[in-house]
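The structure appears below as structure tokens.
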Amino acid sequence: MYRFNIKEISKEDALRMIRKYHYSNTLPKINKYFLGFFLDKELVGVVTLGWGTRPRHTIQRIFPSLDTKDYLEIGRMCMTEEMPRNSESQMLSQLVKWIHRNIPELKILFTWADGMVGKVGYVYQASNFIYAGYSDGEMYMKDGVKIHVRQMKSFLVPGGQKDSRITVRPTMEQMKKYGILHFKGKQYRYLLFLCDRKEKQKLMDECLIDLELPRPKDNDLSWRVKDAETGKWVDCDKPPYATDVDQKTKGLVNIRE
């Protein structure tokens with residue numbers, strides 16, 4: 001078993017690791033901690049902790065009494081390719097110990113497994129996280145590059161990227177013209193209680209979702225794509241995902257009027 005030295009690192013160092021070793025080359029929007037996992041002074045892993053785009057909504061749809069300050073979400077987690085596969089479970093175990101030492105007031109550690117790219121969360125299942133159901137996810141894709149709904153405006157509306165409140169979805173004509181694909185799939189929720197037994201029982205009593213669901217497996221994955229001719233949703237194979245769009249990959253998405 002590895003004994004990692006965990007310490008906070010810079011956003012830049014975390015992003016370099018994520019771009020090299022994580023299937024997504026981007027960071028979540030809201031990040032509070034960038035944690036480096038070191039072996040013999042070598043950075044071999046990274047975990048980011050923060051929140052998604054709607055932090056309060058995310059936790060209160062499960063536990064109404066909790067607020068943003070009561071939980072953190074694992075945004076990104078990756079390791080170097082040289083590390084054995086089971087290292088991620090060890091990483092999570094030692095992450096929890098780090099949280100207990102450094103953020104003892106935290107009650108919940110939350111995370112998602114991205115079923116859109118074929119992940120059901122086996123590493124979280126192996127680390128005793130509780131499966132908390134799934135949400136329907138969607139994404140647009142152009143030439144293997146994933147484009148979030150909120151990002152489409154920067155391609156389709158001149159100057160639209162200047163106002164983050166504007167959301168623009170491509171029309172059927174634009175999808176056909178530029179070869180944009182629209183997919184739907186599943187996003188799997190996981191959580192780990194960090195609080196004591198009394199607080200855990202209180203939260204279990206108020207919980208709004210079933211926390212005893214069977215854990216998902218690969219055969220639970222499913223995807224649909226919008227037919228560009230009819231506009232209907234049809235079952236499909238896993239999307240041909242390559243990477244997320246960011247400033248470095250934006251040029252790969254050739255959308256021009």
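Taken one residue at a time, the phi angles of segment 208-214 give Karplus couplings (6.51, -1.76, 1.60, θ = phi - 60°) of 8, 10, 7, 9, 10, 6, x Hz. Gly and Pro are set to x. Counting only alpha carbon atoms, the long axis of helix 87-102 and the longest principal axis of the chain meet at about 60°. Evaluated with a Cβ-only charge set (Lys, Arg +1; Asp, Glu -1), the chain carries a dipole of roughly 540 debye about its Cα centre, given to the nearest 20. When the Cα convex hull of the chain is projected onto planes of every orientation, the mean area is 15.0 nm². In the structure shown, do any of Lys69/Lys202; Lys29/Lys186; Lys32/Lys69; Lys69/Lys119 have a Cα-Cα gap over 19 Å, and if so which? From Lys69/Lys202; Lys29/Lys186; Lys32/Lys69; Lys69/Lys119, over 19 Å: Lys29/Lys186; Lys69/Lys119.
Dipole magnitude of segment 1-143 about its Cα centre, charges +1 at Lys/Arg Cβ and -1 at Asp/Glu Cβ only, in debye to the nearest 20? Numbers along the way, then the final one.
Working: 20 positive and 16 negative charges, 58 e Å.
Result for segment 1-143 is approximately 280 debye, rounded to the nearest 20.
With R₀ fixed at 35 Å, the C-beta to C-beta distance from Lys238 to Lys11 puts the FRET efficiency at about 0.70. Each peptide in 234-240, 64-70 gets a packing score, the mean of other Cβ atoms within 10 Å over its residues, and the list from highest to lowest is 64-70, 234-240.
Each residue of segment 116-123 was assigned a 3J(HN,Hα) from its phi angle through the Karplus expression (A = 6.51, B = -1.76, C = 1.60, θ = phi - 60°), giving 4, 10, x, 10, 10, x, 4, 5 Hz with x at Gly and Pro. Counting only residues at least eight positions apart within a chain, or on another chain, the aspartates and glutamates with an alpha carbon under 19 Å from that of Lys97 are Glu8, Asp70, Glu73, Glu88, Glu105, Asp196, Glu199. Tell me the label-point distance for the pair Tyr2, Asp196, using the 7 Å Cα-to-Cβ offset, in nm and rounded to one decimal. Between Tyr2 and Asp196, the label points sit 3.4 nm apart. A full extension of the chain between Ser222 and Thr53 corresponds to an added length of 58.4 nm, given 0.36 nm per residue minus the alpha carbon distance. Each of Arg101 and Gln187 was given a label point 7 Å from its Cα along the Cα-to-Cβ line. The distance between the two points is 3.2 nm.
By the beta-carbon count within 10 Å of each Cβ, the least crowded to most crowded order of Arg19, Arg85, Arg61, fewest first, is Arg85, Arg61, Arg19.
If contacts are Cα pairs under 8 angstrom and at least 6 residues apart, what is the relative contact order of the chain in percent?
RCO, the chain: 20 percent.
Charges were assigned to the Cβ only: +1 to each Lys and Arg, -1 to each Asp and Glu. The resulting dipole of segment 167-242 about its Cα centre is roughly 220 debye.
The numbers here are math on the coordinates, done by the rules we state, and not lab data. In this text the structure is predicted, and so the values were computed from the model without any measurement. For neighbour counting, all protein chains shown are included, and Cβ atoms are generated from backbone atoms with ideal geometry for every residue, glycine included.
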